[in-house]
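**Student:** Dumping the structure here so I can ask a few things about it.
Just so it is clear, none of the values below were taken in a lab; they were calculated from the coordinates. Quick caveat: nothing in here was measured; it's all calculated off a predicted structure. Here the Cβ is made from the backbone with ideal geometry for all residues, glycine too, and neighbour counts use every protein chain on show.
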Amino acid sequence: MMTRVHKAQEVSTISEKLGKANAAFLVDFKGLNVEEVTTLRKALHPLDSEMKVVRNTLAKRALKDHPEIDEFLSEQFTGTNALVFAYGDASASAKALSEFSKEAEELVLKSGVMDGKGLNEDQIKYLATLPGIDELRAKLLSVFSQPMSKFLGTLEAAPAGFVRVLNAYKDTKGE
């Protein structure tokens, strides 16, 4: 049984994690065994995300510290819930949750919040289809490098053309 001190500590921990996270997803994990929950946690860890099983009443108290997201999540706290906090790339965490929910049908994506806006299950699944931050960075670097590549190609074309002209001149004089 939890004492008041433990409950207050738990509420402050949840509130702190909600404040630090870029996005938070509420999932119902009823029916998952310990091994599956551990697998999900291990899949989330490299993505700078974590899953925390929460008591509904304590989570609702913690949401009071964040009124911008309280209205989206507080009504969803029924049953066995866990919060997934995405500290890094939210789309990568959503992708991991979406893929895991396909393997383990017991995992239900209830709702989530990102940038103070509520997300339903369909929006979370759409977020999962977006490219990750590393892929977007690679595309941006590719766009930045294109003008330099074309400029270098142009610079290399002039001497190469000059060498071809000299070679053709040599061939005509050699005959």
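**Student:** Could you compute the FRET efficiency for Val108 and Met2, with r as their C-beta to C-beta distance and R0 at 41 Å, rounded to 0.05?
**Tutor:** 0.95
**Student:** Next question. Net charge near Glu106, counting Lys/Arg +1 and Asp/Glu -1 over other residues with Cβ under 11 Å of its Cβ?
**Tutor:** With Lys, Arg at +1 and Asp, Glu at -1, the net is -3.
**Student:** Using a Gaussian network model of the chain with C-alpha springs under 10 Å, which one of Leu44, Leu26, Leu152 is most mobile by mean-square fluctuation?
**Tutor:** The residue with the greatest mean-square fluctuation here is Leu152.
**Student:** Also, quick follow-up: (1) 28, 16, 15; (2) 60, 23, 14; (3) 56, 17, 13: which one is semi-axes √(5λ) of the Cα gyration tensor in Å as calculated from this entry?
**Tutor:** Identified label for the calculated read-out: (3).
**Student:** Restricting to DSSP loop positions (anything but H, G, I, E, B) with no more than 11 other Cβ atoms inside 10 Å of their own Cβ, which trypsin sites (Lys or Arg not before Pro) remain in the range 86-175?
**Tutor:** none
**Student:** What size of dipole, in debye to the nearest 20, comes out for the chain about its Cα centre when the only charges are +1 on Lys and Arg C-beta atoms and -1 on Asp and Glu C-beta atoms?
**Tutor:** 380 debye
**Student:** If you stretched the chain out fully between Thr57 and Glu16, how much longer would it get, using 0.36 nm times the residue separation minus the C-alpha to C-alpha distance?
**Tutor:** Extra length from Thr57 to Glu16 when fully extended: 13.1 nm.
**Student:** So what's the convex hull volume per residue for the Cα atoms of the range 19-93, in Å³?
**Tutor:** Measuring per residue, one finds 83 Å³ for the Cα hull of the range 19-93.
**Student:** With Cβ to Cβ distances under 12 Å as the rule, what net charge do the other residues near Phe25 carry (K, R +1; D, E -1)?
**Tutor:** +1
**Student:** Sticking with this structure for a sec: Once you have a ≥ b ≥ c as the square roots of the Cα gyration tensor eigenvalues for the range 63-136, tell me rounded if a/c is under 1.5, and otherwise prolate or oblate according to whether a/b is larger than b/c.
**Tutor:** Taking the square roots of the gyration eigenvalues as a ≥ b ≥ c, the range 63-136 is oblate.
**Student:** Which residues in the range 94-113 place their backbone N less than 20 Å from a point set 7 Å from the Cα of Lys30 along the Cα-to-Cβ direction?
**Tutor:** Output list for this probe position: 101-112.
**Student:** So, R0 is 25 Å and r is the distance between the beta-carbons of Arg137 and Tyr87; what FRET efficiency does that work out to, to 0.05?
**Tutor:** Plugging the Cβ-Cβ distance into 1/(1 + (r/R0)^6) gives 0.90.
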